[in-house]
Amino acid sequence: MKEMKPRDRFIGALRHEKIDRVPRLFRFKREAKEKIARVFGITETATGLGHQPGLELRLGNDAIIYQIGINSEFSHHPIPIGETWVSEFDVTYGKSGLQGRTDEEHLDFMKTQEYWGPAKVVPENFPSAHPIQSMEDLKNYTWPDPADPRLLDPIKSLCEEYQDEYFIMVDLSSTLIEAAYAHIVGTQKFFLMMFDEPDLIKGVLDGLTEYYTELGRNVAKLGVDMIRVGDDVGAQQSMMLSPEMWRELAKPRLDYMFSEFRKINSELFIKLHSCGDYSPIIPDIVELGVDLCGLMQPTGGNKDQKGIKAKFGDDITFIGGLDVQNLLPRGSVEVVRAGVLDVMKNLGVGGGYIFSPAHYILADVSVQNVWALYEAVQDYGVYGKYPLD
Amino acid sequence: MATPELQIPEGWKDRAPDGWDWQPLWEAVERGHNEFTHDFVTNAIETDIGPKIILDDGLFPGFNLQGDRFSEQIILIPEMLITARAMKAGLALIRPLLAAMAEKPLGHFVIGTVLGDMHDIGQSIVTIMLENAGFVITNLGTDVHPDRFIEAAREQKADLIGFSALLSTTVYYQKVTIEELQKAGVRDKVKILIGGAPTTQEWADEIGADGWGKDAIEAVKLARTLVEEKREAWA
């Protein structure tokens, strides 16, 4: 088959059409991106709001993914050791990995990071204080500006520069339940408040729905191809909250959000992401008219990729499925290749699949394994060739 | 798998005053009604029911039922959290009474999330479960430097140490923490349990932990077994 344009390939997979090879989407966290980019002599490696897609395109990504939600504000923001940073959402973030470690010790520690190999431990940004703890807080809370040009202008530029060739995806994560528990309220508090003060939880979710709906409308107006909503409701072995609760708290709000996006652009593709095992709500996700959803953490609850694909593969396109918890950071080159082969056999056969590791590639993955991953996808991701013949 | 059922303690009526009924407390703990639990246990104490009886006949049935359901994923984190909170409300009232009776704890357990990792919901559920099972817990919180595990283990003369890691980039610190415990001469005085989403039995074996808990229920079972096993004595 003639080689396709990346955006046509990506759209082809979403429409379950015949395409030349499995489209792919690699994403990196900052430290990993810097490490891998150096191998290719790529120096433009910004992540988050300054995202530069050079490395990802070099590795054959068919789409450009740009993140503007609450996660983009926090997870890519450089926070100096010992300091905190307050985001536009009024959430306070600090850096982990530093308790009991002085600046000097930290420098020493950084020297021990293996440049070519996996990093040993990467300090991460984490929320340390949450703005809404009571009805009073909710009343006084001001949501950020959903028309902020700081968020929207870079998307316009990306579309102008890349959309002829590549598929443009804008990521609004984290969007609803996750934004509420992880950022706005705090996890334990959120779960207890679901029972103690359901109106407070509903108020927070309504606020988020309003903010993200308006932000998404503004993004859709820019002519992007896909909006990605990321909302982690899966834990390793099961969902975090029951499917019934998700149906009550999340589903109608997502339904509203998606229909508002599609009022702006009826052709817009929608992706819904959750980490962990959320297999009980895949039928609901299909019902919401979602085009693409991830098959996350294959080491977790529902490992039956073939079964899920057989059951829902005609109704939705899947992305992901390669283990990033053990296989990618700790497997040998052979193990990585075998992992890619498995995923292609389970999910790639018959189309309607986009290859991706189950999540971001983190600094714990060696350069060698990223290369092995890249080569294996080249080898096993071509339609008409083993294993996709 | 059998659907978990309420295990009614055999002969509970013989241990309670005439006309006493634990049923409302079993249900309150099951449904996570912490205020009701607090009031009911207060009343039981005032009625002169022994603290051990309140614990075994009154509090545990509803709690164990939810624990079993949690283990089978019939209920999930939110429901388990409110039940644990109700259990805690009851326990807070009877713990001083149990201590006064010189009821010996099962063991001292130091718990925390390893350096670099801020996830705490899993380890806080494990903490409550262990407390309820009768362990004395020192919870060091999240992002815990190995030195703090060593200090706390020494101070508490700990029987067990448990550390959690939720990121593939921080599980390595479980290994480092064990190595540091070894260097400090503490390793063989304690039993070590690990847990967290990216961890496995193989990883536990590789880094020389004594046990791996797939979930909170498993962790408590393991702790009960391991605490009986032989260790070097604290000086």
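Just to verify a result, which residue in the range A:230-245, among those that are out of contact with any Gly (no Cβ under 8 Å at 6 or more places or on another chain) and crowded, with 22+ Cβ neighbours inside 10 Å, is nearest to A:PHE190 (Cα to Cα)?
A:LEU241
Could you list, in sequence order, all residues of the range B:60-73 that are buried (at least 16 other Cβ atoms within 10 Å of the Cβ) and in contact (Cβ under 8 Å) with a residue 40 or more places away in the chain?
Listed by number, the residues that qualify are B:PHE60, B:PRO61, B:GLY62, B:PHE63, B:ASN64, B:LEU65, B:GLY67, B:ASP68, B:ARG69, B:PHE70, B:SER71.
B:ILE161 passes all but one of (1) in a loop (DSSP other than H, G, I, E, B); (2) surrounded by 24 or more Cβ atoms within 10 Å (Cβ to Cβ); (3) β-branched (Val, Ile, Thr); (4) under 18 Å from the mean Cα position of the chain (by Cα); which number fails?
(1)
Which condition breaks for A:ILE132 when tested against (1) touching a Phe, Trp or Tyr at 6+ places or on another chain (Cβ under 7 Å); (2) buried (at least 23 other Cβ atoms within 10 Å of the Cβ); (3) at pLDDT below 95?
Condition (3) is where A:ILE132 drops out.
Can you tell me which residues in the range B:158-174 are under 25 Å from A:PRO357 (Cα atoms) and away from chain A (no Cβ under 11 Å)?
B:SER164
In this structure, does A:ALA235 turn out to be within 16 Å of the chain's Cα centre (by Cα) and not aromatic (Phe, Trp, Tyr)?
yes
Just name the residue that is nearest to A:PHE258 (Cα to Cα) out of those in the range A:287-307 that are part of a helix (DSSP H, G or I) and of a type in the set (D, E, K, R).
Checking each candidate, the answer is A:GLU287.
If I filter the range A:248-266 for residues that are surrounded by fewer than 21 Cβ atoms within 10 Å (Cβ to Cβ) and within 14 Å of another protein chain (Cβ to nearest Cβ), do I get at least one hit?
Yes, because at least one residue in the range A:248-266 is surrounded by fewer than 21 Cβ atoms within 10 Å (Cβ to Cβ) and within 14 Å of another protein chain (Cβ to nearest Cβ).
Please give the helices (runs of 4 or more DSSP H) falling wholly within the range B:1-80 in which 3 or more residues are within 30 Å of A:ASP277 (Cα to Cα) and either more than 14 Å from chain A (Cβ to nearest Cβ) or of a type in the set (Phe, Trp, Tyr) (or both).
Where helices (runs of 4 or more DSSP H) fall fully within the range B:1-80 and carry at least 3 residues being within 30 Å of A:ASP277 (Cα to Cα) and either more than 14 Å from chain A (Cβ to nearest Cβ) or of a type in the set (Phe, Trp, Tyr) (or both), they are B:60-71.
In the range A:152-180, what residues are within 14 Å of chain B (Cβ to nearest Cβ) and free of Cβ contacts under 8 Å to residues at least 40 places away in the same chain?
A:ALA180
Which of the residues spanning the range A:313-341 are at pLDDT 95 or above and part of a helix (DSSP H, G or I)?
A:VAL333, A:GLU334, A:VAL335, A:VAL336, A:ARG337, A:ALA338, A:GLY339, A:VAL340, A:LEU341
Mind telling me which of the residues B:ILE137, B:ILE77 ends up being within 19 Å of B:GLY196 (Cα to Cα), in contact with a Ser or Thr (Cβ under 7 Å, 6 or more places away or on another chain) and surrounded by fewer than 24 Cβ atoms within 10 Å (Cβ to Cβ)?
It is B:ILE137.
From the list B:ALA209, B:ALA219, which residue is within 14 Å of chain A (Cβ to nearest Cβ) and either at positive phi or crowded, with 23+ Cβ neighbours inside 10 Å (or both)?
Selected residue: B:ALA219, the only one of B:ALA209, B:ALA219 that is within 14 Å of chain A (Cβ to nearest Cβ) and either at positive phi or crowded, with 23+ Cβ neighbours inside 10 Å (or both).
Take the residues of the range B:175-195 that are surrounded by fewer than 24 Cβ atoms within 10 Å (Cβ to Cβ) and within 14 Å of another protein chain (Cβ to nearest Cβ): which is nearest to A:PRO298 (Cα to Cα)?
Taking the candidates together, the pick is B:LYS175.
Identify the residue in the range B:193-202 that is in contact with a helix residue (DSSP H, G or I) (Cβ under 8 Å, 6 or more places away or on another chain) and not small (Gly, Ala, Ser) and, among all such residues, is farthest from B:GLY107 (Cα to Cα).
B:THR199
Quick one: count up the residues across the range B:122-157 that are within 12 Å of chain A (Cβ to nearest Cβ), within 13 Å of the chain's Cα centre (by Cα) and in contact (Cβ under 8 Å) with a residue 24 or more places away in the chain.
Count: 4.
Residue under question is A:LEU205, and the condition is that it be closer than 28 Å to A:GLN325 by Cβ and either more than 12 Å from chain B (Cβ to nearest Cβ) or more than 20 Å from the chain's Cα centre (by Cα) (or both); does it hold?
no
Test each condition in (1) closer than 15 Å to A:LYS33 by Cβ; (2) free of Cβ contacts under 8 Å to residues at least 60 places away in the same chain for A:ALA376 and report the one that comes out false.
Every condition holds for A:ALA376 apart from (1).
Tally the residues that are in contact with a Leu (Cβ under 8 Å, 6 or more places away or on another chain) and among the acidic types (Asp, Glu), restricting the search to the range A:188-247.
Matching residues across the range A:188-247 total 2.
So, in the range A:21-41, of the ones that are in a loop (DSSP other than H, G, I, E, B) and surrounded by 17 or more Cβ atoms within 10 Å (Cβ to Cβ), which residue ends up modelled with the lowest pLDDT?
Selected residue: A:LYS29.
Can you find a residue in the range A:313-323 that is under 20 Å from the mean Cα position of the chain (by Cα), within 12 Å of chain B (Cβ to nearest Cβ) and under 28 Å from B:TRP203 (Cβ atoms)?
yes
Among residues belonging to the range A:342-383 that are part of a strand (DSSP E or B) and not hydrophobic (A, V, I, L, M, F, W, C), point out the one that is modelled with the lowest pLDDT.
Among residues in the range A:342-383 that are part of a strand (DSSP E or B) and not hydrophobic (A, V, I, L, M, F, W, C), the one modelled with the lowest pLDDT is A:PRO357.
The values are calculated or read from the model by the stated rules, or taken from the named source; none is laboratory data. Computed from a predicted structure; not experimentally measured. Positions of Cβ are backbone-derived with ideal geometry, glycine not excepted, and every protein chain shown enters the neighbour counts.
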